[in-house]
């Protein structure tokens, strides 16, 4: 986890440097603005991919090759949303405001509309959490939601983008296996 967090922090820093160079020499961005920008970028791609899959394909999971036991398309989305809530709650120092189904989302949630709403709401919660991060608290140790060790708000917020990106790649494969070009790849 420490290596992943370090790699994600480096990626975030490189991204923010690139963005800073393209912006006019206006006011410097705050830590929370940079983190929220990173979350917004993956949110746009992830939500559009979730919306692109027809509802009758939400139960799709690959079966050819080495795909035994993988999550369905809906399962991927619910998992990401649940983890967004878990991470956001850790940053805010509170319990998740919804049932996260232990990182797999509520089992009762089955319609595309409900799942996409759960996803969108989870990103809003992640933005709320990232908005509380500042220069004074970004590296202060907090309780990790994923084990006994400590975490930092910065590592967790960067983890939202990294985790979502990992699962976005899986959504892309699921979409393409169903003949759908992901919205972010369309010209």
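Go through segment 137-187 and give me each residue that's farther than 23 Å from residue 36 by Cβ and in a helix (DSSP H, G or I).
Within segment 137-187, 170, 172, 173, 174, 175, 176, 177, 185 qualify.
Any idea which of (1) part of a helix (DSSP H, G or I); (2) farther than 30 Å from residue 140 by Cα is the one residue 88 doesn't satisfy?
(2)
Name the residues in segment 73-105 that are surrounded by fewer than 24 Cβ atoms within 10 Å (Cβ to Cβ), within 22 Å of residue 52 (Cα to Cα) and modelled with pLDDT under 95, would you?
104
What are the pairs with Cβ atoms under 9 angstrom where one residue, in segment 176-187, is on the phi > 0 side of the Ramachandran plot and modelled with pLDDT under 95 and the other, located anywhere, is outside any loop (DSSP other than H, G, I, E, B) and surrounded by 12 or more Cβ atoms within 10 Å (Cβ to Cβ)? Sequence gap at least six, or different chains.
Qualifying pairs under 9 Å: none.
Considering only segment 103-136, state which residues are over 27 Å from residue 76 (Cβ atoms) and either in contact (Cβ under 8 Å) with a residue 60 or more places away in the chain or in a helix (DSSP H, G or I) (or both). Lay out the reasoning, then the answer.
Restricting attention to segment 103-136, the residues satisfying the condition of being over 27 Å from residue 76 (Cβ atoms) are 132, 134-136.
132, 134, 135, listed by residue number.
Here's the yes/no breakdown for (1) in contact (Cβ under 8 Å) with a residue 24 or more places away in the chain; (2) closer than 24 Å to residue 152 by Cα:
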residue: 45; (1), (2): yes, no
residue: 53; (1), (2): yes, no
residue: 57; (1), (2): yes, no
residue: 63; (1), (2): no, no
residue: 69; (1), (2): no, no
residue: 72; (1), (2): no, no
residue: 78; (1), (2): yes, no
residue: 86; (1), (2): yes, yes
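Please go through segment 117-133 and give me each residue that is out of contact with any helix residue (DSSP H, G or I) (no Cβ under 6 Å at 6 or more places or on another chain) and closer than 18 Å to residue 35 by Cβ, ordered by number.
Residues satisfying the conditions are 124, 128, 132.
The values are calculated or read from the model by the stated rules, or taken from the named source; none is laboratory data. Note that this is a predicted model, so its numbers are computed, not measured. No Cβ is skipped: glycine too gets one built from the backbone with ideal geometry, and neighbour counts run over all protein chains shown.
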